[in-house]
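Undergrad: This structure is in structure tokens; I'll ask about it shortly.
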Amino acid sequence: MLKKGTQADKISALSVLVERNPQAGLCFLMQLLSNAKKPNRKAAESAIFAIKNLFTQGSIELQSQKLNVFTKNPVILSKREGCTNEEILEAYFEHCIREIVRDFIS
């Protein structure tokens, strides 16, 4: 679907991939964001709608209201060198979501 489908099929497939596993589907979320910036109005609108649904329907759960930059993440700052891989990945994911939301809003 991602290579040979119509634009609507591609956007639907990207949304499903992000919904399935948001952390592993971060690159697919970025592809959706790039589709939202396309000059084709219909494709951009459907990508914007898909991104909005991912954030509002709870597919991408935001841990807190304030998304932190990786270097200022409270978990990273409090533990310094004792962070587990999962905590580091979660902090990085939060940072990436923060950048995507900022880019999406602008």
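Undergrad: Mind checking the full-extension length gain between residue 66 and residue 38? Use 0.36 nm per residue of separation minus the Cα-Cα distance, one decimal, nm. Before the final figure, lay out each step's value.
TA: On the way: separation 28, 0.36 × 28 = 10.08 nm, distance 2.87 nm.
Residue separation times 0.36 nm, minus the Cα-Cα distance, leaves 7.2 nm.
Undergrad: Hey, what angle do you get for helix 85-105 against the long axis of the chain, alpha-carbon based, 0 to 90 degrees rounded to 10?
TA: Between helix and principal axis, roughly 50 degrees.
Undergrad: Another question, then. Taking a 18 Å limit on the Cα-Cα distance, which of the listed pairs 37/72; 52/72; 10/52; 10/38 fall beyond it?
TA: Working: 37/72 29 Å; 52/72 26 Å; 10/52 16 Å; 10/38 14 Å.
Beyond 18 Å: 37/72; 52/72.
Undergrad: Further question on the same structure: Kirkwood hydrodynamic radius for segment 62-106: how many Å is it when counted over pairs of different Cα atoms? Write down the numbers at each step before the final one.
TA: Details: mean 1/r = 0.0924 Å⁻¹.
It is 10.8 Å.
Undergrad: With angles folded into 0 to 90 degrees, how steeply does helix 41-56 sit against the dominant principal axis of the chain? Use alpha carbons for both and round to 10.
TA: In the chain, helix 41-56 runs at an angle near 40 degrees to the longest axis.
Undergrad: Within the set of other residues whose C-beta is less than 15 Å from the C-beta of residue 33, count the net charge using Lys and Arg as +1 and Asp and Glu as -1.
TA: Details: positive: 10, 37, 38, 52, 98, 102; negative: 45, 99, 103.
Net of charged neighbours comes to +3.
Undergrad: So what's Rg/Rh here for segment 22-92, counting alpha carbon atoms and using the Kirkwood radius for Rh? Don't jump to the answer; show the numbers that get you there.
TA: On the way: Rg = 15.4 Å, Rh = 14.0 Å.
For segment 22-92, the value is 1.10.
Undergrad: Now for a separate question. Which of the GluC sites (Glu not before Pro) found in segment 32-106 are in a DSSP loop and have at most 16 neighbouring Cβ atoms, other than their own, within 10 Å?
TA: Values: sites: 45, 61, 81, 86, 87, 90, 94, 99; in loops: 61, 81.
Counting only loop positions with at most 16 other Cβ atoms within 10 Å, the GluC sites (Glu not before Pro) in segment 32-106 are 61, 81.
Undergrad: Which of 76, 60, 11 moves most in a GNM of the chain, Cα contacts under 10 Å?
TA: Of the options given, 76 has the highest mean-square fluctuation.
Undergrad: Something else about it: So how far apart, in nm, are the two label points at residue 98 and residue 3 if each is 7 Å from Cα heading toward Cβ?
TA: Inter-label distance under the simple model: 3.7 nm.
Undergrad: Moving to a separate point now. Rank 101, 74, 36 by how far each Cα sits towards the positive end of the charge dipole of segment 1-101 (+1 on Lys, Arg Cβ; -1 on Asp, Glu Cβ) and give me just the farthest.
TA: Positive-end residue among those listed: 36.
Read-outs throughout are calculated quantities, based only on the coordinates presented, and are distinct from any laboratory measurement. Note that this is a predicted model, so its numbers are computed, not measured. A quick note on method: Cβ atoms are made from the backbone with ideal geometry, for glycine too, and the neighbour counts reach across all protein chains shown.
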